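The block underneath contains the structure these notes are about, expressed in C-alpha coordinates.
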Amino acid sequence: MNIHGKDIKIFAANASKELAQSIADQLGLPLGKCEVSTFSDGEIAVSIHETVRGSDVFIVQSTNTPVNNNLMELLIMIDALKRASAGRITAVMPYFGYARQDRKSKSRDPITAKLVADLITAAGADRVLTMDLHAAQIQGFFDIPLDHLIGMPILAKIFEAKAIEDLVVVSPDLGSVTRARTFAAHLDAPIAIIDKRRPKANVSEVMNIIGDIKDKNVVIIDDIIDTAGTLCNAANALKERGAKSVRACATHAVLSGPAIQRIQDSALEEVVILDTIQLPKEKHLDKISTATVSTVFADAIRRIYADQSISTLFN
(Lines give C-alpha, C1' and ligand atoms only; values in the text may rest on other atoms or scores of the structure.)
Protein backbone atom coordinates (compact mmCIF):
# COMPACT_ATOMS: atom_id res chain seq x y z
CA MET A 1 0.00 0.00 0.00
CA ASN A 2 1.34 3.41 -0.96
CA ILE A 3 -1.16 6.27 -0.90
CA HIS A 4 0.71 9.51 -0.25
CA GLY A 5 4.36 9.03 -1.00
CA LYS A 6 5.34 6.85 1.97
CA ASP A 7 4.85 3.15 2.42
CA ILE A 8 3.15 1.33 5.30
CA LYS A 9 4.80 -1.39 7.35
CA ILE A 10 3.43 -3.70 10.04
CA PHE A 11 5.81 -5.05 12.68
CA ALA A 12 5.16 -7.42 15.56
CA ALA A 13 6.99 -8.09 18.80
CA ASN A 14 6.54 -11.43 20.58
CA ALA A 15 3.15 -10.97 22.29
CA SER A 16 0.89 -10.57 19.26
CA LYS A 17 2.53 -12.28 16.28
CA GLU A 18 -0.54 -14.25 15.21
CA LEU A 19 -2.82 -11.22 15.34
CA ALA A 20 -0.22 -9.05 13.57
CA GLN A 21 0.10 -11.63 10.79
CA SER A 22 -3.68 -11.72 10.38
CA ILE A 23 -3.82 -7.89 10.23
CA ALA A 24 -1.00 -7.82 7.67
CA ASP A 25 -2.74 -10.48 5.55
CA GLN A 26 -5.94 -8.43 5.48
CA LEU A 27 -3.97 -5.37 4.39
CA GLY A 28 -2.18 -7.41 1.71
CA LEU A 29 1.20 -6.72 3.30
CA PRO A 30 4.09 -8.90 4.47
CA LEU A 31 4.93 -8.70 8.17
CA GLY A 32 7.97 -6.51 8.74
CA LYS A 33 11.28 -8.30 9.16
CA CYS A 34 12.56 -7.97 12.71
CA GLU A 35 13.94 -10.03 15.55
CA VAL A 36 13.11 -9.55 19.23
CA SER A 37 15.36 -11.67 21.45
CA THR A 38 17.12 -11.49 24.80
CA PHE A 39 20.69 -11.36 25.98
CA SER A 40 21.77 -14.02 28.46
CA ASP A 41 21.02 -11.72 31.40
CA GLY A 42 17.45 -11.11 30.20
CA GLU A 43 17.92 -7.74 28.51
CA ILE A 44 15.79 -7.37 25.39
CA ALA A 45 17.47 -6.98 22.03
CA VAL A 46 15.66 -5.71 18.92
CA SER A 47 16.96 -5.90 15.35
CA ILE A 48 15.04 -4.38 12.43
CA HIS A 49 16.01 -6.20 9.22
CA GLU A 50 14.58 -3.82 6.60
CA THR A 51 14.60 -0.11 5.89
CA VAL A 52 11.85 1.98 7.49
CA ARG A 53 13.11 5.46 6.54
CA GLY A 54 10.06 7.66 5.97
CA SER A 55 7.64 4.74 6.41
CA ASP A 56 4.34 4.81 8.26
CA VAL A 57 5.06 2.07 10.79
CA PHE A 58 2.59 0.17 12.98
CA ILE A 59 3.87 -2.03 15.84
CA VAL A 60 1.37 -4.64 17.04
CA GLN A 61 2.01 -5.60 20.65
CA SER A 62 -0.36 -6.33 23.55
CA THR A 63 1.12 -5.82 27.01
CA ASN A 64 -0.26 -8.94 28.65
CA THR A 65 1.67 -11.63 30.59
CA PRO A 66 4.64 -11.33 30.89
CA VAL A 67 3.54 -7.71 31.17
CA ASN A 68 6.86 -6.03 31.88
CA ASN A 69 8.74 -7.97 29.18
CA ASN A 70 6.10 -7.21 26.57
CA LEU A 71 6.01 -3.54 27.54
CA MET A 72 9.79 -3.26 27.28
CA GLU A 73 9.75 -5.02 23.90
CA LEU A 74 7.28 -2.42 22.65
CA LEU A 75 9.28 0.52 24.03
CA ILE A 76 12.59 -0.75 22.65
CA MET A 77 11.07 -1.47 19.23
CA ILE A 78 9.59 2.06 19.13
CA ASP A 79 13.05 3.45 19.97
CA ALA A 80 14.73 1.32 17.29
CA LEU A 81 12.27 2.45 14.62
CA LYS A 82 12.51 6.09 15.66
CA ARG A 83 16.31 5.96 15.41
CA ALA A 84 15.92 4.29 12.00
CA SER A 85 14.06 7.43 10.80
CA ALA A 86 10.57 5.97 10.50
CA GLY A 87 8.19 8.66 9.25
CA ARG A 88 5.46 7.94 11.83
CA ILE A 89 5.20 5.26 14.52
CA THR A 90 1.87 3.96 15.78
CA ALA A 91 1.81 1.63 18.79
CA VAL A 92 -1.03 -0.82 18.12
CA MET A 93 -1.92 -2.19 21.57
CA PRO A 94 -4.98 -4.45 21.34
CA TYR A 95 -4.66 -4.94 25.13
CA PHE A 96 -3.24 -2.05 27.16
CA GLY A 97 -1.65 -3.42 30.35
CA TYR A 98 -1.53 -1.47 33.63
CA ALA A 99 -4.87 0.17 32.70
CA ARG A 100 -6.51 -0.99 35.94
CA GLN A 101 -4.36 1.38 37.99
CA ASP A 102 -5.89 4.56 36.56
CA ARG A 103 -6.45 6.63 39.72
CA LYS A 104 -5.45 6.94 43.38
CA SER A 105 -8.05 4.90 45.23
CA LYS A 106 -6.12 5.33 48.48
CA SER A 107 -3.18 7.35 49.75
CA ARG A 108 0.22 6.75 48.14
CA ASP A 109 -1.16 4.68 45.24
CA PRO A 110 0.64 4.98 41.88
CA ILE A 111 -1.20 5.82 38.67
CA THR A 112 0.61 3.36 36.43
CA ALA A 113 -1.71 3.85 33.45
CA LYS A 114 -0.37 7.42 33.22
CA LEU A 115 3.22 6.23 33.74
CA VAL A 116 2.92 3.74 30.85
CA ALA A 117 1.36 6.44 28.65
CA ASP A 118 4.36 8.68 29.38
CA LEU A 119 6.82 5.86 28.64
CA ILE A 120 5.22 5.13 25.25
CA THR A 121 5.31 8.81 24.35
CA ALA A 122 8.89 9.27 25.56
CA ALA A 123 10.03 6.21 23.56
CA GLY A 124 8.95 8.01 20.38
CA ALA A 125 5.45 6.80 19.45
CA ASP A 126 3.45 9.32 17.43
CA ARG A 127 0.08 7.65 17.91
CA VAL A 128 -1.60 4.81 19.84
CA LEU A 129 -4.32 2.46 18.62
CA THR A 130 -5.98 0.30 21.27
CA MET A 131 -9.23 -1.44 22.18
CA ASP A 132 -11.51 -1.32 25.24
CA LEU A 133 -9.38 0.51 27.77
CA HIS A 134 -10.36 -0.47 31.30
CA ALA A 135 -11.19 3.19 31.94
CA ALA A 136 -12.00 5.54 29.06
CA GLN A 137 -10.31 8.50 30.77
CA ILE A 138 -6.90 6.89 30.10
CA GLN A 139 -7.20 8.44 26.63
CA GLY A 140 -6.52 11.77 28.35
CA PHE A 141 -3.27 10.46 29.87
CA PHE A 142 -1.62 10.64 26.44
CA ASP A 143 -0.20 13.80 24.88
CA ILE A 144 -0.31 12.11 21.46
CA PRO A 145 -3.41 11.02 19.49
CA LEU A 146 -5.07 7.83 20.72
CA ASP A 147 -7.72 5.91 18.78
CA HIS A 148 -9.92 3.80 21.05
CA LEU A 149 -11.69 0.91 19.31
CA ILE A 150 -14.65 -0.91 20.83
CA GLY A 151 -14.92 -4.71 20.94
CA MET A 152 -18.56 -4.85 21.98
CA PRO A 153 -20.05 -4.70 18.43
CA ILE A 154 -18.08 -7.84 17.48
CA LEU A 155 -19.44 -9.69 20.51
CA ALA A 156 -22.96 -8.38 19.87
CA LYS A 157 -22.95 -9.79 16.33
CA ILE A 158 -21.96 -13.20 17.67
CA PHE A 159 -24.81 -13.31 20.17
CA GLU A 160 -27.23 -11.81 17.66
CA ALA A 161 -26.50 -14.77 15.39
CA LYS A 162 -27.20 -17.20 18.24
CA ALA A 163 -30.77 -15.83 18.55
CA ILE A 164 -31.07 -16.90 22.20
CA GLU A 165 -34.61 -16.70 23.57
CA ASP A 166 -35.46 -14.97 26.88
CA LEU A 167 -32.06 -13.30 26.90
CA VAL A 168 -31.00 -10.93 29.68
CA VAL A 169 -27.70 -9.04 29.58
CA VAL A 170 -25.96 -8.85 32.96
CA SER A 171 -23.47 -6.23 34.10
CA PRO A 172 -20.95 -7.85 36.50
CA ASP A 173 -20.70 -4.64 38.56
CA LEU A 174 -22.02 -1.08 38.71
CA GLY A 175 -19.05 0.24 36.71
CA SER A 176 -19.95 -1.86 33.67
CA VAL A 177 -23.60 -0.79 33.39
CA THR A 178 -23.05 1.49 30.38
CA ARG A 179 -21.31 -1.31 28.46
CA ALA A 180 -24.08 -3.77 29.36
CA ARG A 181 -26.81 -1.30 28.40
CA THR A 182 -25.25 -0.68 24.96
CA PHE A 183 -24.77 -4.43 24.42
CA ALA A 184 -28.39 -5.06 25.44
CA ALA A 185 -29.60 -2.39 23.02
CA HIS A 186 -27.87 -4.23 20.16
CA LEU A 187 -29.66 -7.44 21.17
CA ASP A 188 -32.97 -5.78 22.11
CA ALA A 189 -32.74 -7.40 25.55
CA PRO A 190 -33.30 -6.19 29.14
CA ILE A 191 -30.41 -5.85 31.59
CA ALA A 192 -29.66 -6.91 35.15
CA ILE A 193 -26.89 -5.70 37.46
CA ILE A 194 -24.78 -7.55 39.99
CA ASP A 195 -24.03 -5.57 43.14
CA LYS A 196 -20.72 -6.79 44.53
CA ARG A 197 -18.01 -5.74 46.91
CA ARG A 198 -14.28 -6.27 46.49
CA PRO A 199 -12.54 -6.80 49.87
CA LYS A 200 -9.14 -6.95 48.11
CA ALA A 201 -7.64 -7.10 44.60
CA ASN A 202 -8.79 -10.07 42.47
CA VAL A 203 -11.42 -11.04 45.09
CA SER A 204 -15.12 -10.22 44.80
CA GLU A 205 -18.31 -11.22 46.58
CA VAL A 206 -21.81 -11.05 45.06
CA MET A 207 -24.09 -9.07 47.36
CA ASN A 208 -27.30 -8.69 45.34
CA ILE A 209 -28.76 -9.01 41.84
CA ILE A 210 -30.81 -6.12 40.50
CA GLY A 211 -33.24 -7.19 37.79
CA ASP A 212 -35.25 -10.23 36.71
CA ILE A 213 -33.09 -13.22 35.74
CA LYS A 214 -35.31 -16.09 36.94
CA ASP A 215 -35.91 -18.64 34.15
CA LYS A 216 -33.91 -16.44 31.74
CA ASN A 217 -30.88 -17.16 29.59
CA VAL A 218 -28.31 -14.64 30.75
CA VAL A 219 -25.06 -13.35 29.26
CA ILE A 220 -22.52 -11.47 31.36
CA ILE A 221 -20.45 -8.87 29.50
CA ASP A 222 -17.15 -7.46 30.77
CA ASP A 223 -13.99 -5.90 29.38
CA ILE A 224 -11.42 -8.13 31.14
CA ILE A 225 -11.42 -11.67 32.51
CA ASP A 226 -8.37 -11.92 34.78
CA THR A 227 -8.53 -14.58 37.51
CA ALA A 228 -12.21 -15.19 36.59
CA GLY A 229 -13.21 -14.99 40.27
CA THR A 230 -15.71 -12.18 39.68
CA LEU A 231 -17.11 -13.85 36.58
CA CYS A 232 -17.50 -17.32 38.07
CA ASN A 233 -18.95 -16.02 41.35
CA ALA A 234 -21.47 -14.05 39.31
CA ALA A 235 -22.32 -17.01 37.10
CA ASN A 236 -22.83 -19.33 40.07
CA ALA A 237 -24.95 -16.72 41.88
CA LEU A 238 -27.13 -16.18 38.80
CA LYS A 239 -27.66 -19.92 38.42
CA GLU A 240 -28.52 -20.30 42.12
CA ARG A 241 -31.06 -17.49 41.81
CA GLY A 242 -32.92 -19.21 39.00
CA ALA A 243 -31.21 -18.36 35.69
CA LYS A 244 -31.90 -20.98 33.03
CA SER A 245 -28.41 -20.73 31.53
CA VAL A 246 -25.37 -18.49 31.97
CA ARG A 247 -22.94 -17.37 29.27
CA ALA A 248 -20.26 -14.70 29.28
CA CYS A 249 -18.27 -12.58 26.88
CA ALA A 250 -15.31 -10.24 27.24
CA THR A 251 -12.78 -8.38 25.12
CA HIS A 252 -9.56 -9.24 26.95
CA ALA A 253 -8.89 -12.78 28.19
CA VAL A 254 -6.04 -12.27 30.65
CA LEU A 255 -6.92 -15.61 32.31
CA SER A 256 -4.25 -15.56 35.01
CA GLY A 257 -3.78 -17.86 38.00
CA PRO A 258 -6.71 -20.24 38.58
CA ALA A 259 -8.91 -18.70 35.85
CA ILE A 260 -9.10 -21.71 33.53
CA GLN A 261 -9.97 -24.16 36.32
CA ARG A 262 -12.56 -21.76 37.72
CA ILE A 263 -14.27 -21.41 34.35
CA GLN A 264 -14.21 -25.17 33.86
CA ASP A 265 -15.81 -25.77 37.28
CA SER A 266 -18.33 -22.92 37.07
CA ALA A 267 -21.96 -22.73 35.96
CA LEU A 268 -20.88 -21.03 32.74
CA GLU A 269 -21.99 -22.81 29.58
CA GLU A 270 -19.90 -20.72 27.21
CA VAL A 271 -17.35 -17.88 27.29
CA VAL A 272 -16.77 -15.84 24.12
CA ILE A 273 -13.56 -13.80 24.01
CA LEU A 274 -11.68 -11.68 21.48
CA ASP A 275 -8.09 -12.35 20.44
CA THR A 276 -6.59 -9.10 21.74
CA ILE A 277 -4.47 -11.44 23.87
CA GLN A 278 -2.98 -14.52 22.26
CA LEU A 279 -4.37 -17.54 24.13
CA PRO A 280 -1.75 -20.23 24.88
CA LYS A 281 -2.69 -23.81 23.95
CA GLU A 282 -2.81 -24.87 27.60
CA LYS A 283 -5.59 -22.34 28.20
CA HIS A 284 -7.89 -23.66 25.49
CA LEU A 285 -11.20 -25.04 26.81
CA ASP A 286 -14.30 -26.39 25.08
CA LYS A 287 -16.25 -23.69 26.95
CA ILE A 288 -14.11 -20.90 25.48
CA SER A 289 -14.55 -19.67 21.91
CA THR A 290 -12.55 -16.88 20.29
CA ALA A 291 -13.47 -14.23 17.73
CA THR A 292 -10.86 -12.13 15.97
CA VAL A 293 -10.33 -8.37 16.12
CA SER A 294 -7.99 -8.41 13.12
CA THR A 295 -10.60 -7.06 10.71
CA VAL A 296 -11.40 -3.96 12.77
CA PHE A 297 -7.71 -3.27 13.50
CA ALA A 298 -6.80 -3.70 9.82
CA ASP A 299 -9.57 -1.29 8.85
CA ALA A 300 -8.41 1.23 11.49
CA ILE A 301 -4.79 1.01 10.29
CA ARG A 302 -5.90 1.46 6.68
CA ARG A 303 -7.86 4.58 7.62
CA ILE A 304 -5.09 6.05 9.80
CA TYR A 305 -2.60 5.57 6.97
CA ALA A 306 -4.96 7.26 4.48
CA ASP A 307 -5.74 10.12 6.92
CA GLN A 308 -9.41 9.11 6.96
CA SER A 309 -11.86 9.21 9.86
CA ILE A 310 -12.17 6.06 11.94
CA SER A 311 -15.12 7.27 14.00
CA THR A 312 -17.45 4.78 12.32
CA LEU A 313 -15.37 1.97 13.85
CA PHE A 314 -16.26 3.20 17.35
CA ASN A 315 -19.91 2.20 16.86
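The values are calculated or read from the model by the stated rules, or taken from the named source; none is laboratory data. Bear in mind that the values here come from a model prediction, so they are computed numbers and not experimental data. Glycine also receives a Cβ, built like all others from the backbone with ideal geometry; neighbour counts cover every protein chain displayed. Quick note on the areas: whole protein, heavy atoms, side chains included, nothing else; ligands and nucleic acids left out. Shrake-Rupley method; radii C 1.70, N 1.55, O 1.52, S 1.80 Å.
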Checklist entry - With all protein chains present, how much of the accessible area of the range 152-196 (probe radius 1.4 Å) comes from carbon and sulfur, to the nearest whole percent? => result 51 percent
Checklist outcome for this item: Listed by chain and number, the lysines with an alpha carbon less than 23 angstrom from that of Lys6, same-chain partners under 8 positions apart left out, are Lys33, Lys82
Item to check | Net length gained if the chain between Lys6 and Leu115 were fully extended (0.36 nm per residue, minus Cα distance) | outcome: 36.1 nm
Checklist entry - With every protein chain present, what is the per residue accessible area of the chain (1.4 Å probe, Å²)? => result 45 Å²
Item to check | Efficiency of FRET between Asp25 and Ala267 - r from beta-carbon atoms, R0 35 angstrom, step 0.05 | outcome: 0.40
Checklist entry - Which residue, Lys283, Lys216, Lys239, tops the fluctuation ranking in a GNM of the chain built on C-alpha contacts under 10 Å? => result Lys283
Checklist entry - Counting alpha carbon pairs within less than 8 Å and at least 6 residues apart, what relative contact order, in whole percent, applies to the chain? => result 13 percent
Checklist entry - Can you give the helix-only mean residue ellipticity at 222 nm for the chain, where every DSSP H stretch with n ≥ 4 adds -39500 (n - 2.57) and the sum goes over all residues, rounded to the nearest 500 deg cm²/dmol? => result -9000 deg cm²/dmol
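Using the per-residue mean of other Cβ atoms lying within 10 Å as a proxy for protection, in what order, highest first, do the peptides 246-257, 81-92, 149-160 fall? Write out the running numbers ahead of the final one.
Working: 246-257: 23.2, 81-92: 20.3, 149-160: 18.1.
Ranking the peptides 246-257, 81-92, 149-160 by packing returns 246-257, 81-92, 149-160.
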Checklist outcome for this item: Taking protein heavy atoms only, a 1.4 Å probe, and rounding to whole percent, the accessible area of the range 268-315 owed to carbon and sulfur comes out at 48 percent
Checklist entry - What residues qualify as long-range amide H neighbours of Tyr95, i.e. H under 5 Å apart, gap of 5 or more or another chain, H built at 1.01 Å from N? => result Ser62, Thr63
Checklist entry - How do the peptides 60-72, 34-46, 133-145 rank, highest first, by the average count of neighbouring beta carbon atoms within 10 Å per residue? => result 60-72, 133-145, 34-46
Checklist entry - Tell me, what does the Kirkwood hydrodynamic radius of the chain come to in angstroms if you use every pair of distinct C-alpha atoms? => result 20.5 Å
Checklist entry - What are the semi-axes of the equivalent ellipsoid for the range 10-86, taken as the square roots of 5 times the Cα gyration tensor eigenvalues, largest first, in whole Å? => result 20, 16, 10
Checklist entry - What's the center-to-center distance, using Cα atoms, between the range 58-113 and the range 22-50 in Å? => result 16 Å
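Which entries in the list Lys216/Lys239; Lys162/Lys287; Lys114/Lys283; Lys162/Lys216 go over 19 Å, if you measure between the two C-alpha atoms of each?
Over 19 Å apart, Cα to Cα: Lys114/Lys283.
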Checklist entry - What dipole magnitude, in Debye to the nearest 20, does the chain give about its Cα centre under +1 on Lys/Arg Cβ and -1 on Asp/Glu Cβ? => result 520 debye
Next on the checklist: How high is the relative contact order of the range 1-74? Use alpha-carbon pairs under 8 Å, at least six apart in sequence, and give a whole percent.
Outcome noted: 39 percent
Checklist outcome for this item: If each part is reduced to its alpha-carbon centroid, the range 145-163 and the range 208-228 end up apart, in Å, by 17 Å
Next on the checklist: As I understand it, the dipole of the chain uses +1 on the Cβ of Lys and Arg and -1 on the Cβ of Asp and Glu, about the Cα centre. Which of Val296, Gln308, Ala136 lies farthest toward its positive end?
Outcome noted: Ala136
Checklist entry - Just going by the charge dipole of the chain, with Lys and Arg at +1 and Asp and Glu at -1 on Cβ, which of Ala156, Ser105, Thr276 is farthest out on the positive end? => result Ser105
Checklist outcome for this item: Expected sort for 169-177, 225-233 on mean C-beta neighbours within 10 Å, highest first, is 225-233, 169-177
Item to check | Total formal charge among the other residues, if their Cβ is under 15 angstrom from that of Lys281, Lys/Arg +1 and Asp/Glu -1 | outcome: -2
